[in-house]
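Each remark here refers to the structure printed beneath this line.
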Amino acid sequence: MTEKIVALYLRVSTKHQDTPEGSLISQKQRLVEWYEYHNSQAKFSKDKEPYSNYVIYKDVETGTKASKRPSYNRMLADIKMGFILWQLQVSVD
């Protein structure tokens with residue numbers, strides 16, 4: 001069986017976005033809760049399979065240019081190489 005690894009992408013582009021609702025801690029908590037929920041539901045479903053693990057990618061104060069997001073670019077490379085099956089992120093506007 002192939003490992004099914006999920007990427008959890010955390011990011012704040014400015015200090016102003018690092019609020020309690022959008023903080024990196026809050027984003028991680030939401031995404032890990034989703035991961036755990038998915039795996040708990042997969043145990044009882046014929047259509048879902050649990051994920052093996054997750055990897056966290058995090059960029060802080062990166063602005064809007066993708067070139068200034070090293071973790072994002074590393075995550076994309078890992079997806080292209082087949083290390084990552086799925087990517088999740090929280091959007092806080």
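A few notes on this one:
- Residue match in the stretch 39-50 (condition: closer than 17 Å to TYR9 by Cα and either in contact with a Lys or Arg (Cβ under 8 Å, 6 or more places away or on another chain) or at pLDDT 85 or above (or both)): no
Yes/no per residue for (1) of a type in the set (Phe, Trp, Tyr); (2) at pLDDT below 85; (3) open to solvent by less than 50 Å² (accessible area, probe 1.4 Å):
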position: TYR54; (1), (2), (3): yes, no, no
position: LYS58; (1), (2), (3): no, no, no
position: THR62; (1), (2), (3): no, yes, yes
position: ARG74; (1), (2), (3): no, no, no
position: ASP78; (1), (2), (3): no, no, yes
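The values are calculated or read from the model by the stated rules, or taken from the named source; none is laboratory data. What you see is a predicted model; the values in this text were computed from it and never measured. All Cβ positions, even for glycine, are placed from backbone atoms using ideal geometry, and neighbour counts span all protein chains on display. These accessible areas exclude ligands, DNA and RNA; they are computed on the full protein's heavy atoms, side chains included. Shrake-Rupley method; radii C 1.70, N 1.55, O 1.52, S 1.80 Å.
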